[in-house]
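All remarks here apply to the structure that follows.
The values are calculated or read from the model by the stated rules, or taken from the named source; none is laboratory data. Model, not experiment: these values are computed from the prediction. Heads up, the Cβs are rebuilt from the backbone with ideal geometry, glycines too, and the neighbour counts pull from every protein chain shown. Side chains are part of the model used for accessible areas, which takes the heavy atoms of the whole protein and leaves out ligands, DNA and RNA. Shrake-Rupley method; radii C 1.70, N 1.55, O 1.52, S 1.80 Å.
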There are 2 protein chains.
Amino acid sequence: MTEVAAKGVSVLLVDDHPIVRQGYRRVLESQGDLHVVAEADNAADAYSAFKAHDPDVVVMDISMPGASGLEAIRNIRARNPRARILVFTMHNEAVLVKAAFGAGASGFVTKSSEPSAVVKAIRSVNRGERAMSDDIAHVLAEDSLSPSGSVLDQLGEREIEILRQFAGGATTEQIASHLNLSVKTVQNYHYLIKAKTGARTDAQLVRLAATCGLTKI
Amino acid sequence: MTEVAAKGVSVLLVDDHPIVRQGYRRVLESQGDLHVVAEADNAADAYSAFKAHDPDVVVMDISMPGASGLEAIRNIRARNPRARILVFTMHNEAVLVKAAFGAGASGFVTKSSEPSAVVKAIRSVNRGERAMSDDIAHVLAEDSLSPSGSVLDQLGEREIEILRQFAGGATTEQIASHLNLSVKTVQNYHYLIKAKTGARTDAQLVRLAATCGLTKI
DNA sequence: TCCGGCTTGGGAAATTTGCCCGAGCCGCCC
DNA sequence: GGGCGGCTCGGGCAAATTTCCCAAGCCGGA
């Protein structure tokens with residue numbers, strides 16, 4: 001380790017919108033102790049940039065085109081398990097939050113947060129603490145989270161298969177027919193999957209399946 | 001015209017994410033001639049701020065909670081038909097672009113654009129010109145060439161907005177609350193959208209919205 | 001062996017869907 | 001002006017689905 005820590009916190013910014021990155025950079029650098037050492041606009045570049053710059057904190061929007069942001073988190077953590085990744089996105093669904101923490105994120109802050117809260121979260125994760133914005137804490141609290149890993153890890157084979165077909169656009173009858181199950185059973189799985197993943201809506205389920213790479217859109 | 005240029009361009013920033021506004025403000029003000037005179041995080045406040053400050057250019061993200069951004073555009077234009085409004089959003093669906101220009105926007109720039117392109121667009125609309133980013137021009141060009149048109153072209157403004165929120169993971173109650181509609185109306189729109197697009201499943205609807213660029217996953 | 005999890009479905013109440021309807025409003029065309 | 005068609009907004013009601021509860025068989029592990 002160099003003396004970088006004493007001089008402040010180095011940050012890798014990952015967001016697919018250039019001007020948004022530009023804005024963050026200015027907000028962060030106006031703090032004095034935060035230094036943006038690199039930017040990336042997709043998952044692959046984020047990984048390359050992480051390897052090249054070894055930043056103290058990665059601030060990442062996980063809703064990017066192309067590869068999943070969750071996958072990027074996993075890749076970075078696989079390379080360096082001590083990496084600090086702060087997810088910074090406008091989404092606030094419990095499923096995504098759990099998936100992000102499950103993938104190895106250290107913090108989750110929504111873009112609805114005040115700049116000061118974001119800066120505070122960056123410093124927190126840099127100290128090795130877990131950080132999340134108030135609205136996320138509220139969402140998780142309501143969801144009464146279970147201490148588990150990746151969202152898909154909670155699902156059995158059948159559940160994953162049914163989720164895949166469902167997210168792919170199949171009707172309940174079609175799934176039942178494909179898998180030789182009763183419609184009732186498929187409905188029960190449907191309900192169970194939502195309960196396990198914390199998805200409140202079919203749409204959230206589809207998004208979950210997509211972000212986890214279970215289905216492509 | 002020359003006097004205005006000498007004094008700079010006053011800007012009203014409308015975006016529902018505080019830190020995003022903060023970032024834009026810094027980016028714009030670093031240009032020297034652009035001055036952010038007010039900010040707003042919803043359509044109603046945008047209108048109030050416009051009345052209070054009469055800015056040269058309104059830079060607005062149309063994907064905000066509450067009333068439609070398109071509605072805000074119409075309100076502002078109704079008050080002052082010479083108002084210059086630059087839509088600045090991450091969406092790049094042809095339908096949305098056309099709707100925005102139809103509502104009275106002077107420009108449409110995506111957040112994928114370089115900061116320099118955004119700044120250029122602000123100066124353009126301030127001169128009374130129409131402005132759009134390259135990707136938007138591309139989208140519109142392809143759209144005008146396609147004989148069969150997008151599926152979304154069959155949908156009205158309200159239907160598109162409801163589809164967008166639904167595909168984004170919002171529940172029926174949340175959508176009804178956001179748009180000040182009864183749950184029943186949202187349900188009816190839900191059904192109507194499925195009928196119009198031919199989607200048999202909510203999942204298919206989400207995929208449709210995603211492939212049309214209405215929502216990101 | 002017994003526990004726990006997966007798989008498969010029944011049942012019943014609550015909710016939503018599917019499709020009908022009408023009313024108000026606005027723009028367009030004759 | 002008058003009619004026509006569209007979008008918007010919601011009521012109504014039967015049919016379907018969702019939401020939970022439950023049980024039973026199976027299988028792997030402690």
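Ordered shortest first, which distances in nm separate the 7 Å Cα→C-beta label point of A:Gln174 from those of the other copies?
For A:Gln174, the inter-copy label distances come out at 2.6 nm.
Tally Lys/Arg at +1 and Asp/Glu at -1 over every other residue whose Cβ is under 13 Å from the Cβ of B:Ala83; what's the total?
+4
Using a 1.4 Å probe on protein heavy atoms only, how many Å² of accessible area do B and A hide from each other, summed over both chains and rounded to 100?
Using a 1.4 Å probe on protein heavy atoms, the buried area is about 3200 Å².
What's the center-to-center distance, using Cα atoms, between segment B:1-61 and segment A:25-42 in Å?
The distance from the Cα centre of segment B:1-61 to that of segment A:25-42 comes to 23 Å.
What part of the accessible area of the protein assembly as shown, given as a whole %, is carbon or sulfur when the probe is 1.4 angstrom? Kindly include the intermediate steps, with their values, before the conclusion.
Numbers: 9030 of 18840 Å².
Answer for the protein assembly as shown is 48 percent, counting heavy atoms of protein chains only.
With every protein chain left in place and a probe of 1.4 Å, what is the accessible surface of B:Asp134, to the nearest 10 Å²?
Roughly 130 Å² of B:Asp134 is accessible to a 1.4 Å probe.
Kindly provide the helix-only [θ] at 222 nm of the protein assembly as shown, computed as the sum of -39,500 (n - 2.57) over DSSP H runs of four or more divided by all residues, to the nearest 500 deg cm²/dmol? Could you put the intermediate results ahead of the total?
Values: 22 runs with 232 residues, N = 434.
-16000 deg cm²/dmol, from helical runs alone.
What do you reckon, how do A:Tyr191, B:Tyr24 stack up by accessible area (1.4 Å probe), largest on top?
A:Tyr191, B:Tyr24
Hey, could you get me the Stokes-Einstein D for chain A, Kirkwood radius over alpha-carbon pairs, 37 °C and 0.692 mPa s, rounded to whole µm² s⁻¹?
For the chosen part, D equals 181 µm²/s.
Binning at 20 angstrom from zero up to the longest distance, how are the C-alpha pair distances of the protein assembly as shown distributed in percent?
25, 56, 19, 1
About its Cα centre, what dipole magnitude does segment B:153-211 give when the only charges are +1 on Lys and Arg Cβ and -1 on Asp and Glu Cβ, stated in debye to the nearest 20?
180 debye
Which ³J(HN,Hα) values in Hz, rounded to whole numbers, follow from the phi angles of segment B:101-116 under the Karplus curve 6.51 cos²θ - 1.76 cosθ + 1.60, where θ = phi - 60° and Gly and Pro get x?
Those phi angles translate into 5, x, 7, x, 5, 9, x, 9, 10, 8, 6, 6, 6, 5, x, 4 Hz.
Per 5 Å bin, what is the whole-percent P(r) computed from every C-alpha pair distance within segment B:153-211?
P(r) for segment B:153-211, in whole percents per bin: 4, 21, 35, 26, 12, 1.
Output, in nm with one decimal and in ascending order, the distances from the B:Met90 label point to the matching label points of the other copies (7 Å from Cα along Cα-to-Cβ).
0.6
Using amide H atoms built 1.01 Å from N in the peptide plane, name the residues 5+ places from A:Ala105, or on other chains, whose amide H lies under 5 Å from its own.
So A:Ala105 has HN proximity to no qualifying residue.
Taking the label point as lying 7 angstrom from Cα along the Cα-to-Cβ axis, what are the distances from B:Gly8 to the corresponding position in the remaining copies, in ascending order and in nanometres?
Nearest to farthest, the other copies are at 2.5 nm.
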